[in-house]
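Shown next, in structure tokens, is the structure this report addresses.
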């Protein structure tokens, strides 16, 4: 009898631990200037609905989508994370409400970056 109760407790404990972990999500939008200087480890991504999310990119893998022409790509994709760039973000929302990205994919380079890369 005690073994059954202990097993149920363990199952509930594992389930609660799993539910408390952030669920990864994916969203896309355009990088915009934020209300505060965010530094290199944060970007603001505005979706088509006008809502902007602040995203921690300090541990994210940044890549270019295969559709982005190689002539517009910068040597370090992180340098392409500037206002005007269209991105897809894979992130988890922490208990503090902040988005922490694991991956950022540049779908379209910002116009200024396209000109700079072409020089």
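The values are calculated or read from the model by the stated rules, or taken from the named source; none is laboratory data. These numbers come from a predicted model, not from an experiment. All Cβ positions, glycine included, derive from the backbone under ideal geometry; neighbour counts span all protein chains shown.
When the criteria are applied in full, residue 43 fails the requirement of being touching a helix residue (DSSP H, G or I) at 6+ places or on another chain (Cβ under 9 Å) and closer than 20 Å to residue 95 by Cα. Across segment 57-73, the number of residues qualifying as more than 12 Å from residue 107 (Cα to Cα) and surrounded by 17 or more Cβ atoms within 10 Å (Cβ to Cβ) comes to 2. Checked against (1) touching a strand residue (DSSP E or B) at 6+ places or on another chain (Cβ under 8 Å); (2) surrounded by 15 or more Cβ atoms within 10 Å (Cβ to Cβ); (3) part of a loop (DSSP other than H, G, I, E, B), residue 89 passes all but condition (3).
Among the criteria (1) surrounded by 15 or more Cβ atoms within 10 Å (Cβ to Cβ); (2) modelled with pLDDT under 95; (3) not in a loop (DSSP other than H, G, I, E, B), the one residue 30 does not fulfil is (2).
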